[in-house]
2 protein chains.
Amino acid sequence: MGTVKPRVDVREAALVEARAIIEESGLEALSLREVARRLGISHQAPYKHYPSRDHLLAEVIARCYADFAAYLDDSTKGEMPPDALRNMGRAYMRYALESPLSYRLMFGAQMPDPAQHPEMLAKAQHAFQLLRSALEALPRPGRTASMLEADAMFIWSTIHGLASILHTRAIDSLQLTDESVEALIDSTLNKIGMALGLQPS
Amino acid sequence: MGTVKPRVDVREAALVEARAIIEESGLEALSLREVARRLGISHQAPYKHYPSRDHLLAEVIARCYADFAAYLDDSTKGEMPPDALRNMGRAYMRYALESPLSYRLMFGAQMPDPAQHPEMLAKAQHAFQLLRSALEALPRPGRTASMLEADAMFIWSTIHGLASILHTRAIDSLQLTDESVEALIDSTLNKIGMALGLQPS
């Protein structure tokens with residue numbers, strides 16, 4: 001870099017640099033000063049767009065949620081309820097394995113306080129709402145709102161757990177092959193269906 | 001600190017300091033040099049016990065697995081098979097919530113390569129074996145070894161997923177109360193039972 005970009009781009013350019021910094025050096029390395037340095041602009045310039053480092057990070061994460069939600073939404077287009085839910089599960093796992101950085105940013109431990117960043121919170125809630133909607137579309141009479149909420153948390157826990165295990169080296173201790181990873185995803189989705197009283201498809 | 005400890009203690013003292021460093025400053029801050037500095041011993045002294053920083057970290061993690069396995073094992077003592085499995089699930093969640101550092105070290109992303117640290121690998125495999133054994137003890141005729149393996153991975157994914165979600169701020173987006181966390185753990189364990197074709201207890 002080193003060239004001064006037109007000011008209108010700083011907001012977007014800062015998001016790109018922020019992701020690059022996190023990818024290269026971890027979350028701890030992210031600061032507005034470092035973003036400014038990489039963009040070749042004054043230290044003060046990013047503050048016109050982001051009041052703090054956490055505001056920038058919250059916006060990076062909000063974009064991840066929006067991208068993730070669009071990806072999940074696409075996976076269910078034109079599908080009937082039980083297949084839609086299963087496809088969403090597959091899409092979730094694919095996203096987690098193919099976009100580990102975005103996944104870690106959304107579901108990692110060091111996210112900014114959602115109460116302070118309502119835009120990020122809204123995007124996160126929208127992604128979760130897609131799962132709720134897929135569950136609501138299932139023909140299951142007598143399902144109360146709180147049962148549905150517990151079902152949604154169960155599905156999320158299970159798929160997030162599998163994705164997290166596949167991201168870590170803890171899985172190496174069990175010495176799984178690539179085929180057994182695929183089989184594991186299938187069998188996990190089948191078991192979720194069993195737990196919810198659905199037929200395996 | 002600052003006093004030279006008898007050499008026989010260095011091995012154990014280094015483990016204590018390593019955990020303290022990780023707890024205070026994160027995994028990145030761990031080095032044999034920093035351990036030596038805190039113990040007030042020469043930079044070379046820790047190398048007599050640990051060939052590298054990763055060997056020290058592997059031993060810290062191996063101890064976590066041993067402690068975790070003992071905790072899970074205790075939870076199932078004198079219980080009949082289905083209750084033993086459920087109690088193990090509860091104990092797992094309790095451990096994850098009460099010992100977040102140990103939990104993160106065992107199942108976090110930056111563990112040393114298990115192939116290079118067979119002692120750590122053995123301890124990790126022993127902990128997973130407790131889950132397999134609890135499953136083997138269930139009266140379920142016709143269950144093959146690979147079905148049992150998939151069941152074990154499913155249980156681990158689900159409970160690990162819930163524990164991870166409860167560790168992160170992503171859960172704040174959903175605004176759960178403490179009671180709903182307890183209810184969530186119960187409902188998750190019930191659903192695992194359903195998925196495995198067991199009766200809820």
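The values are calculated or read from the model by the stated rules, or taken from the named source; none is laboratory data. Keep in mind that what you see is a predicted model, and the values were worked out from it rather than measured. Note: ideal-geometry Cβ built from the backbone for every residue, glycine included; neighbour counts use all protein chains shown.
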- Item | Test result for A:Asp113, within 12 Å of chain B (Cβ to nearest Cβ), of a type in the set (Asp, Glu), more than 24 Å from A:Ala195 (Cβ to Cβ) and out of contact with any Gly (no Cβ under 6 Å at 6 or more places or on another chain) | yes
- Task: Check B:Met80, B:Met88 and return the single one that is within 23 Å of the chain's Cα centre (by Cα) and under 30 Å from B:Leu135 (Cβ atoms).
- Result: B:Met88
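May I ask you to say which residue of A:Ser25, A:Ser75 is within 14 Å of another protein chain (Cβ to nearest Cβ), at pLDDT below 95 and under 23 Å from A:Ala163 (Cα atoms)? Before the answer, list the steps.
Values: A:Ser75 fails: within 14 Å of another protein chain (Cβ to nearest Cβ).
One residue alone meets the criteria, A:Ser25.
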- Task: Examine region B:126-143 for a residue that is within 11 Å of chain A (Cβ to nearest Cβ), over 23 Å from A:Ala195 (Cβ atoms), among the hydrophobic types (A, V, I, L, M, F, W, C) and under 22 Å from the mean Cα position of the chain (by Cα), and state whether such a residue exists.
- Result: yes
- Item | Residue that is surrounded by fewer than 22 Cβ atoms within 10 Å (Cβ to Cβ) and on the phi > 0 side of the Ramachandran plot, where the choices are B:Gly108, B:Gly142 | B:Gly142
- Query: Which residue pairs have Cβ atoms closer than 7 Å, lie 6 or more positions apart in sequence or on different chains, and pair a first residue in region A:81-97 that is touching a residue at least 40 places away in the same chain (Cβ under 8 Å) and farther than 14 Å from A:Phe68 by Cα with a second residue that is surrounded by fewer than 22 Cβ atoms within 10 Å (Cβ to Cβ) and polar (S, T, N, Q)?
  - Reply: A:Pro82/A:Ser201; A:Asp83/A:Ser201; A:Ala84/A:Thr76; A:Arg86/A:Ser201
- Going through region A:145-173 in order, the residues found to be at pLDDT below 80, within 7 Å of chain B (Cβ to nearest Cβ) and assigned to a helix (DSSP H, G or I) are A:Arg169, A:Ala170, A:Asp172, A:Ser173
- Item | Those residues of region B:111-138 which are more than 27 Å from B:Leu27 (Cα to Cα) and in contact with a Phe, Trp or Tyr (Cβ under 8 Å, 6 or more places away or on another chain), in sequence order | B:Leu131
- Message: Quick check on A:Asp73: is it closer than 27 Å to A:Ser187 by Cα and charged (D, E, K, R)?
- Response: yes
- Query: Is there any pair with a first residue in region A:103-122 that is over 13 Å from A:His167 (Cβ atoms) and a second that is surrounded by fewer than 13 Cβ atoms within 10 Å (Cβ to Cβ) and among the acidic types (Asp, Glu) whose Cβ atoms are under 9 Å apart and which are 6 or more apart or on different chains, and what are they?
  - Reply: A:Gln110/A:Glu28
